[in-house]
1. Quick one: what are the phi-derived ³J(HN,Hα) couplings along region 205-214, Karplus 6.51/-1.76/1.60 with θ = phi - 60°, whole Hz, x for glycine and proline?
2. Quick check on region 341-408: take the gyration tensor over C-alpha atoms, sort the square-rooted eigenvalues as a ≥ b ≥ c, and tell me if it's rounded (a/c under 1.5), prolate or oblate.
3. Sorted by mean Cβ packing within 10 Å, highest first, what order do the peptides 684-695, 162-173 take?
4. Tell me, what is a quarter of the convex hull surface for the C-alpha atoms of region 266-399, in nm² with one decimal?
5. Could you state the orientation-averaged shadow area of the convex hull built on the Cα atoms of region 82-132, in nm² to one decimal?
6. Considering only protein heavy atoms, what per residue accessible area in square angstrom results for region 460-559 with a 1.4 angstrom probe?
7. When you count, for each residue, the other Cβ atoms within 10 Å and take the mean per peptide, how do 388-395, 367-374 rank with the highest first?
8. Stretch Arg473-Leu697 to full length: gain in nm at 0.36 nm per residue minus the Cα-Cα span?
Amino acid sequence: MVVAGSGPGAPGMSGPDDPLDVGGVPKVSGESDEGAAVDLVRARTALLTPPPGARRLGPAALREALVELHDFWLATRATAVGVGDGTALVAVGALGRRELAPWSDLDLVLVHDGTGRARGADKVARLADALWYPLWDAGIGLDHSVRTVGEAVAVATEDLRVALGLLEVRLIAGDAELASRLSSSARQAWRAGMRGRFDELVETTQGRWQRSGEVAHRIEPDLKNGRGGLRDVQLLDALAAAQLVDRPAVDVRSARGLMLDLRTELHRRAGRARDVLQAEDAHELAGVPDLGVTDRYDLARSLSGAARTVVYATDVALRSARAALPKRGLAALRRTPARRPLDDGVVEHAGEVALAREAQVSRDPALVLRLAAVAARTGLPIASGTLRRLADAAPELREPWPRAARTELLALLGAGGGMVDVIEALDRTGLWGRLFPEWGAVRDLPPRDRQHVWTVDRHLVEVTRRAGELTTRVSRPDLLLLGALIHDIGKGRDEDHSVVGAELARHIGRRLGLWPTDVDTLAAMVRHHLLLPHTAQRRDPEDPATVQRVVDTLDGDPVLLELLHALAEADALGTGPGVWTPWRATLMGDLVRRCRVVMAGEPVPGPEPLSDDRLTLARAVASSGRAEVSIDAGDELTTVTMTVAAPDRPGLLSRAAGVLALHSLQVHAAVLVEHDGVAVDSFTVSPRFGRLPEASLLREDLVRVLQGSLDLPARLAAKERDYSSRMSTTSSASRVLWFDDEATGAVVLELRTADRIGLLYRVAAALENQGVDVRWARVSTLGSSVVDAFCLEASPDPDGDVVEVPHDGPGTGTTVALDPTRRRGIEAAVMAAAAPGQGADEETGTRTG
């Protein structure tokens, strides 16, 4: 039986009318061939960007139209070039599954029966060229092969990707019997060989997960390759084709539909193949009415829920498939796996944690948590049947929880990495929500800042995992684990999440049966979990007023201070890569050390005096009048302290920062001190690329900048252009926040923006041009974003823009407050300096000095 193109034509399409050569095979190349494929491209463009007045197709309808379009063109083309008896054109991949996104590659196989080997091979080759060349010439992505049925099956036995593709064979044109034989042979070989290649399938899948991350909990998920993505749905289909598991259920098919729709819209808007959903894409996709979401947060939660559905189904399917693999040899003679006791009412059976036969589910309130703790501790998955039984029959834990249940919860939370999948399994079956009803507000909730790589619920679990590594550093490891689990539980609401979370923490603590004093401590941990990182970042830890403010906020409680210190580290580690750095650890550790001294009843530590080395450097500058640079690496190989000393003058901070940027040094902190007319600016830096430069090179360039012989703005602009390919291209809107410390009178400006080479130079120059001095600066680099904090001082202005304000805190003297008008001007200048795409000289205005 021969099948030719019989589907409906597409707009702008016409069948090819290519002249045939003497042998009956069309010409391999030529303008007519290319023109036919250009017809295909033109018709595809009409579908993607319909003319005014035409209906815009939704994502599902667009995929169907694209499939029909390509089927029509390929079938018509195949018929015209002579594909028929003994040959067949079949589609695999996205086109074979009828899931073609706008810019998906075409995966095509020209199958032939192998008869007439000498003359037939030449004819098949000419048929292939006549099919492939027009597509190549039109720039259409193509993955192609020419094989007999036997050759295709043989390749599939060696290549897992080919084997999976052949499970999706769909006839486009030609010999239907030949295509059917390919499909049935590939499926039969897949089933027969599954026992020998199951481990390879699992290893390949896990490697893909490792490379691409999780769709459910990543801020920028890979819809196709990530764990819980479309590749996993295809994996479920492949396991079903091997007759090891049932075909995916309705919830999985619904999840597949959402991810296909998102990927289709991502292709349509990008105008190219895209699988990673970036943060800025979510704003646009949330406005697509066919997706049924209200905003980007609703979109993120829907996608996360869909991916978690796929993950759970995939995990269960892989375990079920392994258990269902046919046994051979001695394995077939072995008895059913024994049930090995693990704990009261809990056993291991066939590599899974299950309920013992004698387990009294309805009468044992701690059973759910005991079983979960065992699973986390052993690293074994919980059997899906066990989870269903617990969900149906396990009793609710009444307030206050029995001691046994609380003990098992802490055992679960302290079990390390094994608890992540266990909590996920409990949450997918509704058991975790019974234990913590407050979890519903943060489930699948996307964060509102780019430094977080996880959804809020997964972030809480990751922070708890990290906290488990720090329990030996605190006197109350139980409260550290509980505080880590719920520190962001107040998110997802309109109010301050720390305030809301503290109230929720009280309810949770009482429900768990904690002592009243422990409930107070748990609530204080949630309320103040940002106190230490924010103070270290936005205040001067050497200022006695800053230290006293922290001590007073914590009511002088050293246990609470200890818990918050460990929680802050776990929180940063569980946020994303690069958030917890040696510099941040040092900064926060210094603040905690000073607070402990005050809590012990000793005097408030004052600012550290200049070290002997820096005093010597300052005296040398005072004597010679020339700038000096020193580097103190200490025991740290990646982050060092660099001291720049020069005669004090306006614009020194920006120029020193510019020289550091010119040598590819990333600034993490800057402390500015004046000593006898010499500015001693200490920078904590690390190299962006390569190694640290020599101090003599830095000194030479700094002297040239101060003398005006080195055009720093132009050199930095050129450097930024040269290195732009190495930096992230993602940019988000910049923000400026103001913080006023009533105790010290300090005014802190915080800038949140995308990281760029020379950013500190431009911002510091903008502040200097506004007539304000920077007392200290701290820079946190979080992936492609930075949070820069500047403590500002200004001289009194006769026009009244600034006023001196005395304060009664432990510090002495007066500081200068900036009124709203002055602040607006400073803010505008800083925002302009942080704006991308502007030259350094344009951003900073006129150069000082």
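1. For region 205-214, the Karplus-derived couplings read 5, 5, x, 5, 4, 4, 6, 9, x, 9 Hz, x marking Gly and Pro.
2. Numbers: a/c = 1.94, a/b = 1.45, b/c = 1.34.
Prolate is the answer for region 341-408, as a/c is 1.5 or above and a/b outweighs b/c.
3. Details: 684-695: 15.3, 162-173: 22.3.
Highest to lowest by the protection proxy: 162-173, 684-695.
4. Values: hull surface 54.2 nm².
Taking a quarter of the hull surface, the average projection is 13.6 nm².
5. Numbers: hull surface 15.6 nm².
Here the figure is 3.9 nm², rounded to one decimal.
6. Working: 3740 Å² over 100 residues.
Accessible surface, normalised per residue, equals 37 Å².
7. Numbers: 388-395: 14.6, 367-374: 26.4.
Ranked from most to least packed, the peptides come out as 367-374, 388-395.
8. Working: separation 224, 0.36 × 224 = 80.64 nm, distance 4.30 nm.
Computed gain between Arg473 and Leu697 is 76.3 nm.
The values are calculated or read from the model by the stated rules, or taken from the named source; none is laboratory data. All values reported here derive from a predicted model rather than from experimental measurement. Glycine also receives a Cβ, built like all others from the backbone with ideal geometry; neighbour counts cover every protein chain displayed. When the accessible area is computed, the model is the full protein with side chains, heavy atoms only, and any ligands, DNA or RNA have been set aside. Shrake-Rupley method; radii C 1.70, N 1.55, O 1.52, S 1.80 Å.
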